Amino acid sequence: MPALSRFVNLFRRRSVDRELDDELTFHVEMLTDKYMRQGLSRDEAVRAARRHAGNTLVAKEEMREVHIMLWIDSLARDLAYGARMFLRQPGTSLLAVLMLSLGIGANTVIYSLLHAALLRPLPFPSPDRLVAVVDNFVTQNQFDAWPSVPETLDVRAASRTLDPVSFFDTRDVQINGGTEPVRAISARIDGDFLRTLAVQPALGRTFNGDDHQPGRDRIVILSDAFWRRNFGADPNVIDRTIIVNGAPHKVVGVLPPGVNFDYFTPEPIELYVPYPMTPDYTSRLAAFASVRRVFAIARIRDTATIEQADAELRTIGQRLKSEHPQLYRRGSDGQDLGFTMSAAPLRRIVLGRGARTAVLLLFAAVGLVLLIACANTAQFLMARAIERRPEVVIRAALGAGTGRLLRQFLTEAFLFAAVATALGVLQASALVGVLRGLIGSPSPLLGQLGLNVSVILFTVIVTVLVTVIAGLFPALHLARQRVVAGDGSRLTGTTRSRTRHAMIAAQVAASVVLLVGALLVATGLRQLQDTPTGYDADGVTVMRLRAAGRPDPRGTGGGYQQYLQALSSVPGLSHIAIADGPLQGFAGTEFSIVGRADDAATLSLQRAGWAIVSPDYFKVLGIPLRAGRTFTDSDSVDAPQAVIINDVMARRFWPDQNPIGQQIKSGMGPRLRVATIVGVVGDVRPTHRLEVPPQIYTSYLQQSEPNATLLVKTAAGQSAPIDAIKQAIRTVVPEQAIFDIRPLTAVIAQSTNTPRLMTRLLGSFAILAVALALLGVYTVVSYVTARRTKEIALRRAIGATPNDVLRLLGVPTLGWTAGGIAIGVVAAAWLMRLVPSAANSFGLPEESLRLDPPTIVAAMTLYVIVVCFAVLAPAARALRVQPASILRAE
Amino acid sequence: MGDNKKDQLQGTLDLLVLRILSSAEAMHGFAIAERIEQVSKDVLRVEAGSLYPALHRMTEAGWVKSSWGVSENNRRARFYTITAAGRKRLADEEAHWSALTSAVGRVLKNA
């Protein structure tokens, strides 16, 4: 009966397993009989027989293991076998290795970021002893703020745990004497600054106490880069003179290369000048005392810990609060601002909390990708092992030692991981450069981004991890089957595919978490970019300047007015304006309304953006006038104080009233004054917010601000005549430097740099994760299908339709995958609780990070469709084969 | 392929099994193991973990063939018999073994 023998053959592999079992069972039974004949009880005999069989198996394995020669031999054989297996299906193997290498490459790149940002020591001696002295205003939810100069001086006088205590701030200066005036960034440092960093000048001297007193010579210390660029590294530079801000300064020192403190400036600091220790700066009575803040840095004494320093600063802060209560309260009811001082690790301050969260988040995301890739590799190796090597199963069933199997799989996994690591490191070395470009930050922290020894060490650890996870899993899985078989039960297909299915469900769930996270950030960014801004940036060019020339006691307005007049004769400019910044920032200025309550609770609701602008500012940006008038040059220093507010402010605070003619009190420090509202203009959305806060504009003639931005509007398609603009301004002040010349659109684009970077990175990781998960699904289904080819053929021969077969093969996998997607969505929703703290680190407003249900549903539907393809493609391939040909082949 | 210690160890077990089977009717695995222990006066112990892989390997190689039957105590067991190819293999192995042992013997005596 040929039909019957074919039927038997269909199940041949399973019958081989069973026959082996029977044979071993028989052997154990015979041993038992023998022991019973020797006088043991039945139970004892059974146990002895089992133990004997088991022990001898282990002993035999161990005997083999101790032979080093044999070990090397079998290792070589495993490697050769792994390589052969790899090359047998080069296409699939290459795909699997490439996917793993992408996972390893991504991990290497993100680890290099983590290392540069969080782990690499700061480039100063004993950097872990350096702390920043910071102010916190708990009631205002404001932490890690820079302290004022008087506070810093009090800390220096009182602290017994910190020595030295020092401070600095930075500002733009202009260097004259070259072909044209250029901007440089200077740091005003206190006498102990270099001593705190434990840095000695390479040439000359540091500043001493005298240098900071008024009336001394103007002196300067140069950075190494500035010295090389401008003085050709001349060793006799000391006592030479450079013109800074129009005044000659004598060079007294040059810093060694690599020493900088450029964490807070857009470009490296090139000049160091003494901080002016005059009452204007050091007294609490000075107008700027609570506004002008400095970066305070200190070294912990060897005898103290950072906890002790922190505790001491808290005590000092409490004392300052009780000695100067008026500085730490606000509102007519004197609400406590919750002022404290603390010692913060320097790295936390120079990096910023948001960046730290972002880096850790990226690392977690990329770690998830690696786990998915590991699971894939494990799946792949297991499928290979089982498809290609029935003898592995037989040997496992026969009791080959777990150690031997483990080694075999580890060797293969290692081969796999090593090739993937090599490829991954190659990718990483290319991608690190790309990432550096995308970050675009000149921060000395991230400037160190690269593949260094510790990054490579990390990658090696990752490789070992991948090897262990990807090799251990199949080996233990098979070993467990051996135990199961040894107990006399049957090896069945279901336990095996259940584990594998659970694994792809987990992979899919992890990829969904990443996908949802990436979608969240992407939709947030999209929302930010799509929300109307309220102004027209096209054709607007912005440039910065710092007021040069002789200081005017009436403020900076007069000089700027002359600039605007000079520029009005430059052809091609339709509108010209000057402001304290190109666009409005966050609502950081409190205001009170004359005639209304000004207690702390009221004030906390009255925060607005605050800007200094010239009359044509609104024309340059196309901001419409809603009521009243815009500024004119009649709103001068002698005229009544005038302000313009935006629509939001008018509607919120004067809902049923005309705000024109109302008076408000606003401005910080010396800018605080009462002014009359003369106009209402359209709303302008800050670049990093979705909602428009109240906004106050003041006249440039009624305020003084040396840092200014020039805005010029040209006709559509025309570029700004930069040279003509510079020339026109230098007819007024020849030494005026003009810098940071950019289209306004570029300024706006830069403001979304962080969210775009995060979107790109998280998006790539999510795509990689999904691709890996799909590959996992495909591998499992292909494998299951391949094992059941004959069964399928038989079922079709006896009348099953293609639909029946697809259902049989696809439904379990689809079920598991759908479960994985559901778990992923739930997990992502749970993780969303972290959004408020994460939003900041993405550079996105919190309100933009909302999961949009249609987006999620669409993405998950798409996911399910793609999964269906991954499931059905191998199943459909099985259907294309003629049943008769398979049955006959047996 | 083949000339390494593991193959030699396996080759020795093969030699013993083929030798036992060559002088008997069909035998099951347990009987083969018992016979080797008995003839070697308990010096050589053959474990299930090496015997059955060896038997299966030799079946695949065509040196022995197997069939299911009933054992002396009425249990279902697999019986092995030697084939013509197996006898040829045995002759080769025996010759190789004698050559090897006499060579080793000469070294031990004369070196």
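The values are calculated or read from the model by the stated rules, or taken from the named source; none is laboratory data. The model shown is predicted, which means the values in this text are computed figures rather than measured ones. Every residue, glycine among them, receives a Cβ derived from its backbone with ideal geometry; neighbour counts consider all protein chains shown.
Within region B:33-48, the set of residues being assigned to a loop (DSSP other than H, G, I, E, B) and within 8 Å of chain A (Cβ to nearest Cβ) comprises B:Arg45, B:Glu47.
Every residue, every condition in (1) at pLDDT 80 or above; (2) touching a Phe, Trp or Tyr at 6+ places or on another chain (Cβ under 9 Å); (3) surrounded by 18 or more Cβ atoms within 10 Å (Cβ to Cβ), yes or no:
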| site | (1), (2), (3) |
| --- | --- |
| A:Met832 | no, no, no |
| A:Phe842 | no, no, yes |
| A:Val857 | yes, no, no |
| A:Tyr863 | yes, no, yes |
| A:Cys868 | yes, no, no |
| A:Ala875 | no, no, yes |
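In region A:615-627 there is no residue that is without any contact (Cβ under 8 Å) to a residue 12 or more places away in the chain and surrounded by fewer than 22 Cβ atoms within 10 Å (Cβ to Cβ).
Reported count of residues in region A:851-863, each being in a helix (DSSP H, G or I) and either touching a strand residue (DSSP E or B) at 6+ places or on another chain (Cβ under 8 Å) or in contact (Cβ under 8 Å) with a residue 24 or more places away in the chain (or both), is 5. Tell me which residues, restricted to region A:814-850, are touching a helix residue (DSSP H, G or I) at 6+ places or on another chain (Cβ under 6 Å) and part of a loop (DSSP other than H, G, I, E, B). Result: A:Gly843, A:Leu844, A:Leu849.
Against the numbered list (1) surrounded by 17 or more Cβ atoms within 10 Å (Cβ to Cβ); (2) in a loop (DSSP other than H, G, I, E, B); (3) of a type in the set (S, T, N, Q), A:Gln657 comes up short only at (1).
For region B:58-77, enumerate the residues that are charged (D, E, K, R) and in contact with a helix residue (DSSP H, G or I) (Cβ under 8 Å, 6 or more places away or on another chain).
Hits for region B:58-77 are B:Lys65, B:Arg75, B:Arg76.
Does B:Leu55 satisfy the condition of being in contact (Cβ under 8 Å) with a residue 24 or more places away in the chain and exposed (fewer than 15 other Cβ atoms within 10 Å of the Cβ)? In short, no.
Just one of (1) among the polar types (S, T, N, Q); (2) surrounded by fewer than 17 Cβ atoms within 10 Å (Cβ to Cβ); (3) more than 28 Å from A:Val134 (Cα to Cα) fails for A:Ser322. It is (3). Taken over region A:516-570, residues that are assigned to a helix (DSSP H, G or I), more than 30 Å from the chain's Cα centre (by Cα) and of a type in the set (Lys, Arg) amount to 0. Applying the condition of being within 14 Å of chain A (Cβ to nearest Cβ) and of a type outside the set (A, V, I, L, M, F, W, C) to region B:49-64 and asking which residue is farthest from A:Leu31 (Cα to Cα) yields B:Glu60. Once region A:375-434 is narrowed to residues that are of a type in the set (Lys, Arg), at pLDDT below 60 and part of a helix (DSSP H, G or I), the residue that is farthest from the chain's Cα centre (by Cα) is A:Arg395.
Taken together, A:Ala117, A:Ala106 contain a single residue that is at pLDDT below 90, buried (at least 21 other Cβ atoms within 10 Å of the Cβ) and under 22 Å from A:Arg356 (Cα atoms), which is A:Ala117.
When you scan region A:190-200, do you find a residue that is touching a Lys or Arg at 6+ places or on another chain (Cβ under 7 Å) and either free of Cβ contacts under 8 Å to residues at least 24 places away in the same chain or buried (at least 21 other Cβ atoms within 10 Å of the Cβ) (or both), even just one? Spell out the reasoning first.
Within region A:190-200, the subset touching a Lys or Arg at 6+ places or on another chain (Cβ under 7 Å) is A:196.
So of that shortlist, the ones also either free of Cβ contacts under 8 Å to residues at least 24 places away in the same chain or buried (at least 21 other Cβ atoms within 10 Å of the Cβ) (or both) come out as A:196.
Checking region A:190-200: at least one residue is touching a Lys or Arg at 6+ places or on another chain (Cβ under 7 Å) and either free of Cβ contacts under 8 Å to residues at least 24 places away in the same chain or buried (at least 21 other Cβ atoms within 10 Å of the Cβ) (or both).
Is it the case that some residue within region B:72-87 is touching a residue at least 12 places away in the same chain (Cβ under 8 Å), among the charged types (D, E, K, R) and more than 14 Å from chain A (Cβ to nearest Cβ)?
Yes, the conditions are met somewhere in region B:72-87.
Per the conditions (1) surrounded by fewer than 17 Cβ atoms within 10 Å (Cβ to Cβ); (2) at pLDDT below 85; (3) more than 30 Å from A:Leu446 (Cα to Cα), the sole criterion not satisfied by A:Gly354 is (3). Of the numbered criteria (1) out of contact with any Lys or Arg (no Cβ under 9 Å at 6 or more places or on another chain); (2) modelled with pLDDT of 90 or more; (3) at positive phi, the one A:Val254 fails is (3).
Out of all the residues in region B:36-62, which are at negative phi, of a type in the set (Lys, Arg) and modelled with pLDDT of 75 or more?
Quick first cut of region B:36-62, residues at negative phi only: B:36-40, B:43-61.
With of a type in the set (Lys, Arg) added as a condition, the list becomes B:45, B:57.
Selection gives B:Arg57 alone.
Of all residues in region A:161-168, none satisfies being over 36 Å from the mean Cα position of the chain (by Cα), surrounded by fewer than 19 Cβ atoms within 10 Å (Cβ to Cβ) and among the acidic types (Asp, Glu).
Among the residues making up region A:320-331, those that are at pLDDT below 90 and either among the hydrophobic types (A, V, I, L, M, F, W, C) or assigned to a strand (DSSP E or B) (or both) are A:Leu327, A:Arg329, A:Arg330.
Which of the residues that make up region A:147-183 are charged (D, E, K, R) and outside any strand (DSSP E or B)? Even if it seems obvious, please write down each step before you answer.
Restricting attention to region A:147-183, the residues satisfying the condition of being charged (D, E, K, R) are A:151, A:154, A:156, A:160, A:163, A:169, A:171-172, A:180, A:183.
The answer is A:Glu151, A:Asp154, A:Arg156, A:Arg160, A:Glu180.
When you scan region A:253-268, do you find a residue that is under 35 Å from the mean Cα position of the chain (by Cα) and buried (at least 21 other Cβ atoms within 10 Å of the Cβ), even just one? Yes, that holds for at least one residue. Restricting attention to region A:590-614, the residues that are buried (at least 20 other Cβ atoms within 10 Å of the Cβ) and over 30 Å from A:Gly572 (Cα atoms) add up to 6.
Rundown of residues vs (1) touching a strand residue (DSSP E or B) at 6+ places or on another chain (Cβ under 8 Å); (2) aromatic (Phe, Trp, Tyr); (3) over 30 Å from A:His249 (Cβ atoms); (4) assigned to a loop (DSSP other than H, G, I, E, B), yes/no style:
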residue: A:Ile269; (1), (2), (3), (4): yes, no, no, yes
residue: A:Val273; (1), (2), (3), (4): yes, no, no, no
residue: A:Ala289; (1), (2), (3), (4): yes, no, no, yes
residue: A:Arg314; (1), (2), (3), (4): yes, no, yes, no
residue: A:Gln318; (1), (2), (3), (4): yes, no, yes, no
residue: A:Asp333; (1), (2), (3), (4): no, no, yes, yes
residue: A:Ala344; (1), (2), (3), (4): yes, no, yes, no
residue: A:Ala358; (1), (2), (3), (4): no, no, yes, no
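Of all residues being of a type in the set (Val, Ile, Thr) and at pLDDT below 70 in region A:68-99, which is farthest from A:Ala422 (Cα to Cα)? Just the residue, please. The selected residue is A:Ile68.
When B:Leu21 is tested against the conditions (1) touching a residue at least 40 places away in the same chain (Cβ under 8 Å); (2) within 14 Å of chain A (Cβ to nearest Cβ), the lone failure is (2).
Checked against the criterion of being within 30 Å of A:Gln140 (Cα to Cα), more than 39 Å from the chain's Cα centre (by Cα) and not β-branched (Val, Ile, Thr), region A:623-633 contains not a single residue that satisfies it.
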